[in-house]
Amino acid sequence: QVQLVESGGGVVQAGGSLRLSCDGSGIIFSGNAEAWHRQPPGKQRELVAAILSGGVTNYANSVKGRFTISRDNAKNTVYLQMNSLKPEDTAVYYCHSFSRGINYWGKGTLVTVSS
């Protein structure tokens, strides 16, 4: 059974940093594409950052230069380092993996950025 478990969310002041983690079980991250999505209150879910099997990364324009996605293959964990956080970054952040044609999602972790 595949499980993605996010952690690291919380409350932080604007300008602060957080690092989110996504631990995978029943799935090997290194051979897949992983991503972080977020859903702000009252809005649709959006892609934040993605890392492909070869290590290529992509970012939403709104987070470029502030967020960094990375993957530790030995730990089977994907990270999202978030710096210079803004109130508009407030959202539930979801880990996503695409493996063998199937989308897997975590349950999300809440990030709240206070002004």
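Quick notes
- Number of the condition not met by ASN32 [criteria: (1) crowded, with 16+ Cβ neighbours inside 10 Å; (2) modelled with pLDDT of 95 or more]: (2)
- Residues of the range 46-57 satisfying the condition of being under 19 Å from ARG19 (Cβ atoms) and of a type in the set (S, T, N, Q): THR57
- Among (1) at pLDDT 95 or above; (2) within 18 Å of GLN1 (Cα to Cα); (3) surrounded by 13 or more Cβ atoms within 10 Å (Cβ to Cβ) - the single one PRO40 does not satisfy: (2)
- Of VAL63, VAL113, VAL92, VAL78, all but one fail to be β-branched (Val, Ile, Thr), surrounded by 15 or more Cβ atoms within 10 Å (Cβ to Cβ) and either assigned to a loop (DSSP other than H, G, I, E, B) or modelled with pLDDT under 95 (or both); the exception is VAL63.
- Checking each residue in the range 95-108 for being open to solvent by 60 Å² or more (accessible area, probe 1.4 Å) and outside any loop (DSSP other than H, G, I, E, B) picks out PHE98, ILE102, ASN103, TRP105.
- So SER30, is it among the polar types (S, T, N, Q) and not in a loop (DSSP other than H, G, I, E, B): yes
- Test: residue in the range 7-18 that is part of a loop (DSSP other than H, G, I, E, B), modelled with pLDDT under 95, surrounded by 15 or more Cβ atoms within 10 Å (Cβ to Cβ) and over 10 Å from the mean Cα position of the chain (by Cα): no
The values are calculated or read from the model by the stated rules, or taken from the named source; none is laboratory data. Just so you know, these numbers come straight off a predicted model, no measurement behind them. So basically every Cβ, Gly included, is an ideal-geometry build from the backbone, and we count neighbours across all protein chains shown. Accessible surface areas use protein heavy atoms only, side chains included; no ligands, DNA or RNA. Shrake-Rupley method; radii C 1.70, N 1.55, O 1.52, S 1.80 Å.
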